[in-house]
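Undergrad: A single structure is presented below for examination.
The values are calculated or read from the model by the stated rules, or taken from the named source; none is laboratory data. What you see is a predicted model; the values in this text were computed from it and never measured. Cβ: placed from backbone, ideal geometry, glycine included. Neighbour counts: every protein chain shown.
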Amino acid sequence: MTDKKLAFPFVVEPFQEDYTGRLSWSTLGNHILRVSSLHAEAHGFGYTYMKKHNRGWVLARLVFDIDELPQTAEPYFLSTWVSRIFGQFTDRLYSLTAPDGTAYGYGYSTWALIDYETRQPVNLEMLPDDGFHAALLDEKVPISPPTRVRVKDDKLVLKHTAVYSDLDINGHVNSIRYIDMALDSFPKSWHDERRVTRVELNFGNEGYCGDRFHIYRETLDEHRFAVRIIRPPRDGEDKESVIVRCVIHHRER
């Protein structure tokens with residue numbers, strides 16, 4: 001029987017770091033997507049099974065809270081498990097640890113299962129054969145819940161047009177690319193003096209190649225910024241589309 005909680009080994013390889021020599025947030029984000037997929041495959045509800053049934057997992061929310069990121073050549077483990085099913089959504093949790101078990105940080109995500117024919121979410125509590133309830137593990141992570149904020153007095157700080165390298169296997173902008181956009185909205189001098197400790201993302205509409213994104217930012221307090229990524233109205237549309245709402249937590253280096 002496959003363990004409900006699986007740990008996957010990694011090493012911080014060259015070119016996976018940021019300029020400070022630590023694992024980059026985007027690399028961590030992509031590894032989180034990878035272990036989520038591997039865990040789901042191991043339990044029989046991953047990409048292979050869902051593709052046969054014309055369904056796919058969509059990331060709705062992602063939070064990771066990190067005290068410190070591993071440095072170049074350091075090994076680490078990224079563990080994941082499914083903790084809850086509620087209606088059309090499921091929560092997946094993560095821990096990032098050193099080989100000796102010391103925790104670098106934790107994360108959690110919320111996913112929906114989309115039926116590609118109807119383009120509607122599937123009720124996960126009504127799946128045949130009890131769905132994947134057998135994989136649930138009642139283990140929490142010691143981080144606070146997402147921040148609920150409404151960005152009001154934000155200002156335009158960056159523009160980006162989605163291109164080939166932004167896309168994932170579904171032809172959408174990779175969810176993790178939005179982390180890069182949010183962090184790129186700050187100048188290098190800001191990163192020189194501060195370390196990002198927590199990233200919260202709430203995903204809205206999907207982005208596609210050629211879409212223009214406007215990135216807005218607002219200061220919440222001395223340790224938090226809110227970032228909003230929107231797509232201006234396209235031809236035939238009369239209003240903008242919210243792609244991602246994000247909160248960035250930081251502290252001085």
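Undergrad: Could you look through the stretch 156-212, keep only residues that are out of contact with any strand residue (DSSP E or B) (no Cβ under 8 Å at 6 or more places or on another chain) and acidic (Asp, Glu), and pick out the one that is nearest to VAL247 (Cα to Cα)?
TA: ASP180
Undergrad: What is the residue count in the stretch 101-120 for residues that are closer than 18 Å to PRO75 by Cβ and either at pLDDT below 95 or part of a strand (DSSP E or B) (or both)?
TA: 3
Undergrad: Within the stretch 59-71, which residues are of a type outside the set (Gly, Ala, Ser) and surrounded by 15 or more Cβ atoms within 10 Å (Cβ to Cβ)?
TA: Those that are of a type outside the set (Gly, Ala, Ser) and surrounded by 15 or more Cβ atoms within 10 Å (Cβ to Cβ): LEU59, ARG61, LEU62, VAL63, PHE64, ASP65, ILE66, GLU68, LEU69, PRO70.
Undergrad: Let me ask something additional. Limited to the stretch 219-253, what total is found for residues that are within 12 Å of ALA182 (Cβ to Cβ) and charged (D, E, K, R)?
TA: So the answer is 2.
Undergrad: Taking the stretch 187-223 on its own, how many of its residues are part of a strand (DSSP E or B), closer than 23 Å to TYR104 by Cα and more than 21 Å from the chain's Cα centre (by Cα)?
TA: 1
Undergrad: Where residues in the stretch 59-79 are closer than 24 Å to THR20 by Cα and hydroxyl-bearing (Ser, Thr, Tyr), which of them is nearest to the chain's Cα centre (by Cα)?
TA: TYR76
Undergrad: Given the structure, is ARG234 at negative phi and touching a residue at least 40 places away in the same chain (Cβ under 8 Å)?
TA: Spelling it out, it is not the case that ARG234 is at negative phi and touching a residue at least 40 places away in the same chain (Cβ under 8 Å).
Undergrad: Also, quick follow-up: State which residue is surrounded by the fewest Cβ atoms within 10 Å (Cβ to Cβ) when the search covers only the stretch 87-103 and only residues that are more than 15 Å from the chain's Cα centre (by Cα) and closer than 16 Å to LYS140 by Cα.
TA: Looking at residues that are more than 15 Å from the chain's Cα centre (by Cα) and closer than 16 Å to LYS140 by Cα, I get ALA103.
Undergrad: Pick from VAL173, VAL122, VAL151, VAL82: which is farther than 25 Å from GLU17 by Cβ and in contact with a helix residue (DSSP H, G or I) (Cβ under 6 Å, 6 or more places away or on another chain)? Working first, answer last.
TA: Working: VAL173 fails: farther than 25 Å from GLU17 by Cβ; VAL122 fails: in contact with a helix residue (DSSP H, G or I) (Cβ under 6 Å, 6 or more places away or on another chain); VAL151 fails: in contact with a helix residue (DSSP H, G or I) (Cβ under 6 Å, 6 or more places away or on another chain).
Being farther than 25 Å from GLU17 by Cβ and in contact with a helix residue (DSSP H, G or I) (Cβ under 6 Å, 6 or more places away or on another chain) holds for just one of VAL173, VAL122, VAL151, VAL82, which is VAL82.
Undergrad: Still on this structure, please answer the following. All but one of (1) under 25 Å from ILE66 (Cα atoms); (2) without any contact (Cβ under 8 Å) to a residue 40 or more places away in the chain hold for SER175; which doesn't?
TA: So SER175 meets the others, but not (2).
Undergrad: Here is a further query. What number of residues within the stretch 121-138 satisfy the criterion of being exposed (fewer than 12 other Cβ atoms within 10 Å of the Cβ) and in contact with a strand residue (DSSP E or B) (Cβ under 9 Å, 6 or more places away or on another chain)?
TA: Total meeting the criteria: 1.
Undergrad: Go through the stretch 158-186 and report how many residues are of a type in the set (A, V, I, L, M), surrounded by fewer than 17 Cβ atoms within 10 Å (Cβ to Cβ) and not in a loop (DSSP other than H, G, I, E, B).
TA: Final tally of qualifying residues: 2.
Yes/no per residue for (1) out of contact with any strand residue (DSSP E or B) (no Cβ under 9 Å at 6 or more places or on another chain); (2) of a type in the set (Ser, Thr, Tyr); (3) within 30 Å of ASN123 (Cβ to Cβ):
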site: ASP3; (1), (2), (3): no, no, yes
site: THR20; (1), (2), (3): no, yes, no
site: LEU23; (1), (2), (3): no, no, no
site: LEU38; (1), (2), (3): no, no, yes
site: TYR49; (1), (2), (3): no, yes, yes
site: HIS53; (1), (2), (3): no, no, yes
site: ARG61; (1), (2), (3): no, no, yes
site: ILE66; (1), (2), (3): no, no, no
